[in-house]
Amino acid sequence: MLRNHYLLIGFVWLFILSACSQGIALTESDHHLVISHFLPGSHPIQTDILKGIGDEWTEESNHSITYDLYPSNALGNAGSQYDMAVTGEADIALSVHGYSPGRFSLVSILELPFLQSQQYTGQK
């Protein structure tokens with residue numbers, strides 16, 4: 001009996017949440033993505049990964065999604081890649097945590113001293 005009560009409450013919440021959510025409208029409008037990164041244009045991340053993903057998006061969307069790649073800090077220096085993605089200057093930006101000091105505090109724990117692995121010396 002109690003199980004059925006919880007199940008009914010769960011369905012009511014599911015109904016409320018689905019009724020109050022904003023539906024995602026999928027339209028056939030064109031989208032142009034700006035992809036920026038700090039690596040040279042001949043780097044494998046651009047030639048194999050970013051270009052491959054962009055080409056796949058274009059093909060799968062019947063050319064309604066297009067993209068432009070901006071390598072070698074063309075839109076901004078390596079330290080501003082994260083800011084460009086946040087502000088919308090670039091839709092996708094490749095960055096490194098070290099180029100945005102103080103923003104990712106959980107990742108900075110890896111930079112603390114004395115956390116490097118100790119090699120086995122053979123002594124007990």
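The values are calculated or read from the model by the stated rules, or taken from the named source; none is laboratory data. The shown structure was predicted, so the numbers you read here are calculated from the model rather than taken from an experiment. Cβ coordinates were reconstructed from backbone atoms using ideal geometry, including for glycine residues, and neighbour counts include every protein chain displayed. To get the accessible areas, we keep the full protein, side chains included, count just its heavy atoms, and leave off ligands, DNA and RNA. Shrake-Rupley method; radii C 1.70, N 1.55, O 1.52, S 1.80 Å.
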Taking segment 53-85 and keeping residues among the acidic types (Asp, Glu) and closer than 10 Å to residue 95 by Cβ leaves 83
List every residue pair whose Cβ atoms sit under 7 Å apart, with the two residues 6 or more apart in sequence or on different chains, where the first one lies in segment 70-83 and is free of Cβ contacts under 8 Å to residues at least 40 places away in the same chain and within 14 Å of residue 45 (Cβ to Cβ) and the second, anywhere, is open to solvent by less than 70 Å² (accessible area, probe 1.4 Å) and in a loop (DSSP other than H, G, I, E, B).
-> 71/37; 71/39; 71/40; 71/41; 72/40; 72/41
Restrict the check to segment 79-94 and report whether at least one residue is at pLDDT below 95, over 16 Å from the mean Cα position of the chain (by Cα) and either surrounded by fewer than 16 Cβ atoms within 10 Å (Cβ to Cβ) or not in a loop (DSSP other than H, G, I, E, B) (or both).
-> yes
Can we say residue 74 is of a type in the set (Gly, Ala, Ser), at pLDDT below 90 and outside any helix (DSSP H, G or I)?
-> no
Does residue 59 count as more than 16 Å from the chain's Cα centre (by Cα) and either more than 13 Å from residue 35 (Cβ to Cβ) or in contact (Cβ under 8 Å) with a residue 40 or more places away in the chain (or both)?
-> yes
